[in-house]
1. Specify the residue that is modelled with the lowest pLDDT; the eligible residues are those in segment B:200-256 that are over 21 Å from B:I185 (Cβ atoms), in a loop (DSSP other than H, G, I, E, B) and acidic (D, E).
2. Inside segment C:6-58, counting only strands (runs of 3 or more DSSP E) that do not spill past its ends, which hold 1 or more residues that are over 19 Å from the mean Cα position of the chain (by Cα) and more than 9 Å from chain B (Cβ to nearest Cβ)?
3. Given (1) within 14 Å of chain C (Cβ to nearest Cβ); (2) within 30 Å of B:N2 (Cβ to Cβ); (3) in a helix (DSSP H, G or I), where does B:D140 come up short, assuming only one miss?
4. Taking only segment B:58-72 into account, find how many residues are under 12 Å from B:K126 (Cα atoms) and either free of Cβ contacts under 8 Å to residues at least 40 places away in the same chain or away from chain C (no Cβ under 13 Å) (or both).
5. Take the residues in segment C:67-89 that are within 27 Å of C:K26 (Cα to Cα) and among the polar types (S, T, N, Q); name whichever of them is surrounded by the fewest Cβ atoms within 10 Å (Cβ to Cβ).
6. Any idea which of B:R18, B:R28, B:R45 is outside any helix (DSSP H, G or I), under 30 Å from A:K191 (Cβ atoms) and within 14 Å of chain C (Cβ to nearest Cβ)?
7. Does A:G58 qualify as being modelled with pLDDT under 95, within 10 Å of chain C (Cβ to nearest Cβ) and under 18 Å from C:K106 (Cα atoms)?
8. Can you report the number of residues in segment A:72-90 which are within 14 Å of chain C (Cβ to nearest Cβ) and assigned to a strand (DSSP E or B)?
Amino acid sequence: MGLLIQDKQVVVPGEILAQGMDYLPGHGTYRDGDNIKSTRLGLLNVEGRALKIVPLKGAYLPRKGDTIIGRVDDIAFSGWRFNINSAYPAMLSMKDGTHEFVARGADLTRYYKLQEYVVAKIINVTSQNLVDLTVKGPGLKKLGPGRIIMVTPAKVPRIIGKQGSMVTLIKEHTQTQITVGQNGIVWINGKEPKKEAIAVQAIELINQQAHVGGLTDRIKEFLEKRVPMPKTTKKVEEPKKEDTEVKQ
Amino acid sequence: MNLQIQNHIKQSLDQQARVDGRKLDEFRDLTIEKGVSQTAEGSARVILGETEVIAGVKMSVGEPYPDTPEDGSLMVGAELLPMSSPNFEPGPPSIWAIEIARVVDRGIRESKAIDTKKLCIKKGEKIWLVAVDIITINDDGNLLDAAGIATLAALQDAVFPTYVDGEIDYKKKTKTKLPLSKLPIPVTVYKIGDNLLVDPVSEEEESVDARLTVTTTEKGQICAMQKGGDAPLTIEEIDKMCTLAQKRASELRKKL
Amino acid sequence: MTYTKRLDGRKHDELRETEAKVGVIKRATGSAKFRMGNTTALAAVYGPRELHPRFLQDPEKGRLRCNYNMMPFSGMGDRVRPGANRRAKEISMVTTKALLPAVDLKDYPNAVVDVFIELPQTDAGSRCVGIVAASMALADAGIPMKDLVCAVAVGKVDKSIVIDLDYEEEQYPKYATTKVDDEEVADIPIAMIPSTGEITLLQLDGDISKEDLIKALKFAKPAMEKIYEIQKKALKEKYSDLKGGKK
């Protein structure tokens with residue numbers, strides 16, 4: 001009876017997490033008679049009496065309030081259609097896409113061209129997962145030249161770190177601008193390609209090892225070995241506010 | 001394709017820097033594993049960075065073509081499995097799969113790497129048909145070179161099945177290897193902007209302007225070529241591309 | 001019971017040698033490899049992703065779509081011509097149905113989860129090996145599931161109930177080394193949800209009495225549990241190899 005699996009252990013779908021009525025099934029779990037079982041491959045999280053599973057992998061499912069990176073895939077009469085690394089495309093209407101007045105029938109590529117990447121916020125998701133975006137808000141904007149890499153959406157909080165500590169660490173070491181979308185799309189731009197490549201490697205390392213303890217120290221060591229921080233000037237360049245990552 | 005992102009990759013290459021930190025003329029790590037399928041007469045798995053390809057050889061007995069009564073036959077096919085990339089769809093072979101198969105086939109055929117006369121069982125009546133199938137498992141760029149190497153490794157691995165009284169017993173393999181006398185290795189040189197590079201990852205492949213596959217044998221002779229991509233090439237560029245391909249081919253050959 | 005010693009020396013309830021690995025195809029959302037003797041399956045999961053054409057979409061829940069394919073050189077005999085044939089289509093369909101009861105796609109209306117199962121080599125039991133690999137790949141892809149799905153063939157060879165038949169046992173009288181009392185062979189591929197014991201795939205080729213069939217199905221249960229442990233271990237191994245190792 002009671003908890004059968006320890007907190008922060010990897011569990012598989014169907015695995016019995018706890019027996020009896022002492023615990024409550026939370027996200028990623030279900031009750032089957034006396035047992036609480038997992039529905040996902042992930043890490044068990046015990047919060048008081050509630051059990052939930054933090055997934056280790058999985059496609060992005062749009063949620064209201066998420067800040068994501070999308071790519072313009074099509075242009076409609078009254079807005080833009082985005083690929084947001086999900087089974088569901090997202091729409092950005094003219095009114096949410098720009099402060100300017102846009103006359104009906106105007107050339108919408110003046111604002112966002114096909115294939116361009118944009119940081120946007122999800123303002124609505126319907127029961128059928130129809131998604132509406134806005135670019136009105138702090139940090140929301142069109143992205144310029146750079147590299148686009150894909151990470152597991154479940155790992156995004158680790159890539160960002162507490163109050164953006166992890167991504168700031170990478171940015172400062174590699175002198176890059178980085179924007180992390182909650183949908184697992186990451187945009188990176190550095191003046192020096194070699195340092196930019198190291199920033200990409202660091203992010204890929206987090207993507208692979210996010211579940212292993214001591215992550216921050218490992219990433220620090222990884223960066224320090226390849227691109228040591230100059231000791232004299234305390235911080236090379238304070239990243240501008242709007243370059244900063246999206247919040248969790 | 002997003003032009004700003006393409007230009008970003010080009011500018012990095014202008015500074016001799018690649019997305020994964022390699023030199024422009026450098027291949028990724030190559031692993032070759034033979035005998036990965038017991039049902040094939042010969043098989044090999046090639047892992048090039050994150051790109052993975054399997055090739056398998058199947059042999060059967062058939063009749064020769066009337067104009068070449070003493071020659072066995074060789075066929076190369078390729079499948080780009082939807083398993084190996086979100087961009088590949090189920091269905092009949094795409095033009096890209098056909099191109100891979102034909103370029104690999106041409107290298108082996110034109111270099112006469114396999115003596116087809118030795119595949120003759122009875123003149124005008126019975127010959128061996130050798131079918132090589134190339135299957136992609138994971139696509140992270142440069143499938144063609146990986147396919148070429150996998151094909152050669154599978155042919156090296158292949159042995160004839162037992163053939164008695166007009167019947168093949170696939171369960172009983174002989175010790176007789178295929179008559180493979182040369183290793184024609186295809187190396188593709190890619191052009192992005194003004195830069196020439198080899199073995200791109202998928203991220204780089206999306207920005208390729210032109211490519212040239214050059215298949216060379218041990219002696220450095222060229223036995224097959226294929227130009228791809230939309231941009232044209234100058235003779236000077238072709239000269240450089242051939243030199244680079246020959247150099248890389250002789251290094252890759254040592255791994256086989 | 002004349003078939004007391006199996007052709008390859010296994011006990012009646014013994015599986016062939018197995019090998020399982022998760023995360024073998026980087027581009028896929030989830031992937032796995034499973035080998036049982038000389039039958040190997042690779043499985044890759046993509047999605048949930050957009051489903052086209054639109055008329056295939058289900059507004060109530062996401063769809064599961066499995067695709068079983070033998071590589072051209074993976075057959076015991078001649079080369080298998082590439083492309084879908086009737087057999088591959090049927091196996092794809094029963095594989096989908098075998099996995100569906102364990103998978104929960106209600107959060108993904110109109111979308112599709114694609115499962116590609118590919119076999120580089122086969123020696124009987126390929127649909128079961130494919131289902132075991134696919135089930136691990138679905139879990140690896142983070143798809144919500146109430147349980148994994150296990151699969152193995154059970155059968156009757158010369159009056160004896162045996163688990164996980166290989167090719168020579170399927171063709172038994174041809175390869176028999178001792179006197180044959182009963183020429184009939186039955187081959188029964190089964191898939192099961194291990195926690196409930198519910199059967200999600202059931203096919204049968206051959207000749208068997210109802211009594212023997214039920215006996216065979218019960219006989220398969222402990223083997224399923226073994227397969228479940230192998231799947232569980234492989235899924236956990238993917239995330240444990242770094243733990244406590246390199247700092």
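The values are calculated or read from the model by the stated rules, or taken from the named source; none is laboratory data. Model, not experiment: these values are computed from the prediction. We place every Cβ from the backbone using ideal geometry, glycine too, and count neighbours over all the protein chains shown.
1. The qualifying residue modelled with the lowest pLDDT is B:E206.
2. Counting at least 1 such residues, we get C:39-50.
3. Going through the list (1) within 14 Å of chain C (Cβ to nearest Cβ); (2) within 30 Å of B:N2 (Cβ to Cβ); (3) in a helix (DSSP H, G or I), B:D140 breaks only (3).
4. Residues flagged as under 12 Å from B:K126 (Cα atoms) and either free of Cβ contacts under 8 Å to residues at least 40 places away in the same chain or away from chain C (no Cβ under 13 Å) (or both) within segment B:58-72 amount to 9.
5. C:N67
6. Result: B:R28 is the single residue among B:R18, B:R28, B:R45 that is outside any helix (DSSP H, G or I), under 30 Å from A:K191 (Cβ atoms) and within 14 Å of chain C (Cβ to nearest Cβ).
7. Taking the combined requirement at face value, the residue satisfies it.
8. Count: 7.
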